[in-house]
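Colleague: Sharing a structure, written as structure tokens. Questions coming.
The values are calculated or read from the model by the stated rules, or taken from the named source; none is laboratory data. What you are looking at is a predicted structure, and each value in this text was computed from that prediction instead of being measured. Note: ideal-geometry Cβ built from the backbone for every residue, glycine included; neighbour counts use all protein chains shown. Please note that ligands, DNA and RNA were not included when accessible areas were found on the heavy atoms of the full protein model with its side chains. Shrake-Rupley method; radii C 1.70, N 1.55, O 1.52, S 1.80 Å.
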Amino acid sequence: FHESIGGKGPWVAEGWVVNEKFAKANKDAVVAVLRAEIRYFKLLHDSPAKGYELMAKAANISPDHVAYVIDQGFDAYPVDITPDREVIESMLTLIEDAGLVSMADKAERAKFVNNFIHPEFVKEAMSK
């Protein structure tokens, strides 16, 4: 998600999306999924070969392919997975500019972003 096309950081391709009703009713499940993701991303940083093997097995591709994608910067797995508002907003701008979505006005856009980002789940997952 390069700066030259309006990016403000890594493209968020690994996000989890659930509606508010599900999140409130299943908070423990949401936090558990995030904890698993945090552990996996940490493994990728601490022991890349083991992480590449796991991802390769799950995706039915070679570990070399996984290593290439990550080493070339086509995908990133940050240890801190707290949603970054600036990155999310820049992604929305890129999608809007491509004509894939349209926000009627700035207030609607802000409401959309506010409804999309809930760092409290990540904070809890990282606290234990």
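Colleague: Take the residues of segment 47-82 that are of a type in the set (A, V, I, L, M, F, W, C) and open to solvent by less than 50 Å² (accessible area, probe 1.4 Å): which is farthest from V17 (Cα to Cα)?
Modeller: The residue in question is A67.
Colleague: Limited to segment 38-79, what total is found for residues that are of a type in the set (D, E) and touching a residue at least 60 places away in the same chain (Cβ under 8 Å)?
Modeller: Result for segment 38-79: 1.
Colleague: Out of the residues in segment 83-117 that are touching a residue at least 60 places away in the same chain (Cβ under 8 Å) and of a type in the set (S, T, Y), which is least open to solvent (accessible area, probe 1.4 Å)?
Modeller: Selected residue: S90.
Colleague: Okay, moving on. Name the residue, out of D97, D64, D84, that is under 19 Å from the mean Cα position of the chain (by Cα) and of a type in the set (D, E).
Modeller: That would be D84, the only listed residue that is under 19 Å from the mean Cα position of the chain (by Cα) and of a type in the set (D, E).
Colleague: List the number of the failed condition for L44; all other conditions in (1) in a helix (DSSP H, G or I); (2) open to solvent by 80 Å² or more (accessible area, probe 1.4 Å) hold.
Modeller: Among (1) in a helix (DSSP H, G or I); (2) open to solvent by 80 Å² or more (accessible area, probe 1.4 Å), the lone unmet condition for L44 is (2).
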